[in-house]
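Nothing in this text is a laboratory measurement; each read-out follows from the coordinates by a stated rule. Note that the coordinates shown come from a computational prediction; the quantities given were computed from them, not determined experimentally. Using ideal geometry, Cβ is built from the backbone for each residue, glycine included, and neighbour counts are taken over all protein chains shown.
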Amino acid sequence: MEVIKPNLDGTTECNTIKGVIREAVNHDMDVACCYFNKCYEGNIEAQGMEFSSCEFRECISPNSKFERVYFTDVLFENCDFSNTFFYECNFVRVTFVNCKLVGSNFCNVNMYNILMDNSNISYSSMSLGTYKEVCFNENKMSNSVFQEVHFKDVEFVNNNLIASQLMGTSLNNIDLSSCDITGIAITPDSLKGVIVSELQALELSKLLGITIK
């Protein structure tokens with residue numbers, strides 16, 4: 001799947017995420033064209049604002065909270081946002097590369113033209129959101145939860161989905177054949193139209209109470 005890459009022209013390097021947020025709030029502005037490089041700041045908080053044409057590289061910002069924040073044309077690369085709460089956020093043309101998002105909560109989010117590549121999203125919660133034109137590529141996603149999520153044009157390639165949960169989420173036309181779905185928990189209604197390998201079909205048949213001789 002080809003997703004549209006972020007437009008990152010004209011960024012200016014910044015050495016503090018909290019400082020930029022504080023300045024934006026004081027002036028009732030959004031955050032635009034910032035290049036956050038090696039910012040080590042946990043417990044970041046932002047709400048009701050937008051980050052546009054921004055780069056986050058090698059930033060360590062766990063236990064942060066973003067509420068009703070728009071991320072438009074944003075790159076996260078080699079970042080750690082573990083245990084971060086993204087509530088009712090919107091992601092448009094955003095790329096995550098080699099990031100750590102362990103235990104993060106993506107609740108009620110909308111994602112459009114998103115690439116999550118080679119990242120650790122284990123133990124994360126992705127519930128009650130809309131995912132359109134999203135590619136999950138070679139991520140660690142074990143024990144993650146997708147509950148009542150709407151997928152459209154979503155691709156899973158070589159992901160570790162061990163012991164993950166997909167509840168109330170239609171997987172129609174979703175191809176999981178390259179992923180490890182060992183121990184996956186899934187509601188029977190979600191399975192209609194899913195694309196899996198023969199071995200995966202045997203694994204899923206156990207969830208349906210089917211015995212294959």
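Return the label of the correct value of volume of the Cα convex hull per residue in Å³, as calculated from the structure shown, out of [x] 90; [y] 191; [z] 119.
Here the calculated entry is [x].
Using only DSSP helix segments of four residues or longer, with each worth -39500 (n - 2.57), what per-residue ellipticity at 222 nm results for the chain after dividing by its residue count and rounding to 500?
-3000 deg cm²/dmol
Would you kindly derive the ³J(HN,Hα) couplings of segment 49-64 from the backbone phi angles with the Karplus curve 6.51 cos²θ - 1.76 cosθ + 1.60 (θ = phi - 60°), listing them in order in whole Hz, with x for Gly and Pro?
Here the 3J(HN,Hα) series is 9, 10, 9, 10, 6, 10, 10, 10, 10, 6, 8, 10, 9, x, 6, 9 Hz.
Running a GNM on the chain with Cα contacts under 10 Å, which residue among 102, 94, 20 ends up with the highest mean-square fluctuation?
Maximum among the listed residues: 20.
Find the eigenvalues of the gyration tensor of the Cα atoms of segment 74-180, then list the square roots of 5 times those eigenvalues as equivalent ellipsoid semi-axes, largest first, in whole angstrom.
17, 15, 14
State the number of lysine pairs found in segment 12-207 whose Cα atoms come within less than 17 Å, restricting to pairs 8 or more positions apart or on distinct chains.
Taking the Cα cut-off of 17 Å, the pair count is 8.
So how strong a dipole does segment 113-171 carry about its Cα centre when Lys and Arg Cβ are +1 and Asp and Glu Cβ are -1, to the nearest 20 debye?
Magnitude of the dipole: close to 140 debye.
What does the charge count around residue 87 come to, taking other residues whose C-beta lies under 11 Å from its C-beta (Lys +1, Arg +1, Asp -1, Glu -1)?
Summing Lys and Arg as +1 and Asp and Glu as -1 gives 0.
Per 0.36 nm of contour for each residue apart, how much would the distance between residue 15 and residue 175 grow if the chain were fully extended, relative to their Cα-Cα spacing?
Full-extension gain reported as 53.5 nm.
How large is the convex hull of the Cα atoms of segment 56-115 per residue, expressed in Å³ as a whole number?
Given the Cα convex hull of segment 56-115, per-residue volume reads 62 Å³.
Just add up the charged neighbours of residue 167: K/R +1, D/E -1, any other residue whose Cβ is under 12 Å from the Cβ of residue 167.
Summing Lys and Arg as +1 and Asp and Glu as -1 gives -2.
Please express the Cα-Cα pair-distance distribution P(r) of segment 14-86 as a list of whole percents, one per 5 Å bin, running from 0 to the bin with the greatest distance.
Spelled out per bin, shortest first, that is 4, 17, 28, 35, 14, 2, 0.
May I ask for the net charge around residue 6, where only other residues with Cβ less than 11 Å from the Cβ of residue 6 are counted and Lys, Arg are +1 while Asp, Glu are -1?
Net charge in that neighbourhood comes out at -2.
So for the pair residue 97, residue 198, with labels modelled 7 Å out along Cα→Cβ, what separation do we get in nm?
Computed distance between label sites residue 97 and residue 198 equals 3.9 nm.
Suppose the chain between residue 67 and residue 150 were pulled fully straight at 0.36 nm per residue; how much longer would it get relative to their current alpha carbon spacing?
27.8 nm
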